[in-house]
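Inspection log for the structure reproduced underneath, given as structure tokens.
The values are calculated or read from the model by the stated rules, or taken from the named source; none is laboratory data. What you are looking at is a predicted structure, and each value in this text was computed from that prediction instead of being measured. Every residue, glycine as well, gets a Cβ built from its backbone with ideal geometry; the counts of neighbours run over all protein chains shown. Heads up: the accessible areas ignore ligands, DNA and RNA and are worked out on the full protein's heavy atoms, side chains in. Shrake-Rupley method; radii C 1.70, N 1.55, O 1.52, S 1.80 Å.
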Amino acid sequence: MKNNKPITICVTGGKGGTGKTLCAVNIAVMLKNEGNKVLLIDGDVENPNTYLLLSGELENKTEVPFFKPKFLEEKCSKCGLCAENCAPHALLHIKDSYPIPMLNLCSGCQLCYKICPEDAIIPDSKTIGWTYSTEINGLSLFLGELKPSEARSAAVVEALLSELDNIIENDPKKYDIIVLDTAPGAHCDVELLLDKADLIIPVTEPTRFGKLDLIRIIELIELLKKDYKVIVNRSSLLGYRDQFLKELKESNIKILGDIPLDNDIVISYCQGKPLMDKNNDFNKNGGGFVAFTNIFINLKKWIDMKETMQG
């Protein structure tokens, strides 16, 4: 798994609660176990919890600034040009009055600042979230966190990816593998992470809701022309496994593996000890351990095939 550039694997899911982060963490750990230099990026910035599953602590907190306009009333001619051209309507202008900013609507595009004929707008900023970086048992972790009450989650994801781009540009051999963990859903910050990936692993569950949301995220993945294979988590739920896997195959959806309900997975989740970490002593014959082992075997074949195609 060595290349001039790290291969990037993105773990995602159309809905919440499918076990996406559980899979991302254990995949990163299994890659690390084999001596790879692995970076795990938690892009679920509204609910980041990879560090909890790793029993780690958040470190190196860095603010994520976001543009906001600052008006200089002594220069403003009250022309209203800024408000007229504000696409998200984040500026309210009443004739013969100064523009009133509504910052919760501001997209941060800076157009108002750029077009003001009087230079009455200057760039200011507010903190909309934070990024963190840390090392946990030989695994590197980047994590983003959106500030409560803020809505611009994509800007925090962009800050994480900017850090990643700097690393790849300046030290492309620092990591062998990048594992991205997205938020649930198919919105813009998920798309940012999917677009970075060489391989995408949607995680689903054997329910009608799971299948519907899986199809939704696959539609986005296919629009981005990315290669993907699916993990079915809690596959033994209600005895629906075989039928569900058959339905996916009939829909030409490739399957990386499935994970049954397993008590060791629950224990590892609650204790913050990744099931597949080589330093843990979970039952290696248990359903969860065997399932993740098989998934990893299939993943390595997939990675090797991808690298051969790229080489």
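Restricting L214, L192 to residues that are in the same structural domain as L141 (by TED's automatic domain parsing) and in contact with a Gly (Cβ under 6 Å, 6 or more places away or on another chain) narrows the list to L214.
For the range 190-212, name all the residues that are within 17 Å of the chain's Cα centre (by Cα) and over 27 Å from A159 (Cα atoms). Of everything in the range 190-212, just one residue is within 17 Å of the chain's Cα centre (by Cα) and over 27 Å from A159 (Cα atoms), namely T204. Could you check, for the range 14-34, whether at least one of its residues is assigned by TED's automatic domain parsing to the domain that holds W302, closer than 13 Å to E145 by Cα, in contact (Cβ under 8 Å) with a residue 40 or more places away in the chain and open to solvent by less than 20 Å² (accessible area, probe 1.4 Å)? The answer is no, given that none of the residues of the range 14-34 is assigned by TED's automatic domain parsing to the domain that holds W302, closer than 13 Å to E145 by Cα, in contact (Cβ under 8 Å) with a residue 40 or more places away in the chain and open to solvent by less than 20 Å² (accessible area, probe 1.4 Å).
Restricting attention to the range 105-127, the residues that are modelled with pLDDT of 95 or more and crowded, with 20+ Cβ neighbours inside 10 Å total 4.
Annotation for the range 20-37: no member residue is at negative phi, modelled with pLDDT under 95 and under 15 Å from the mean Cα position of the chain (by Cα). Restricting attention to the range 45-104, the residues that are part of a strand (DSSP E or B), open to solvent by 30 Å² or more (accessible area, probe 1.4 Å) and of a type outside the set (A, V, I, L, M, F, W, C) add up to 6.
So, A159, is that one small (G, A, S), more than 14 Å from T50 (Cβ to Cβ) and touching a residue at least 60 places away in the same chain (Cβ under 8 Å) or not? Yes; evaluated as a whole, the condition is true for this residue. Applying the condition of being at pLDDT 95 or above and hydrophobic (A, V, I, L, M, F, W, C) to the range 137-151 and asking which residue is farthest from I41 (Cα to Cα) yields L146.
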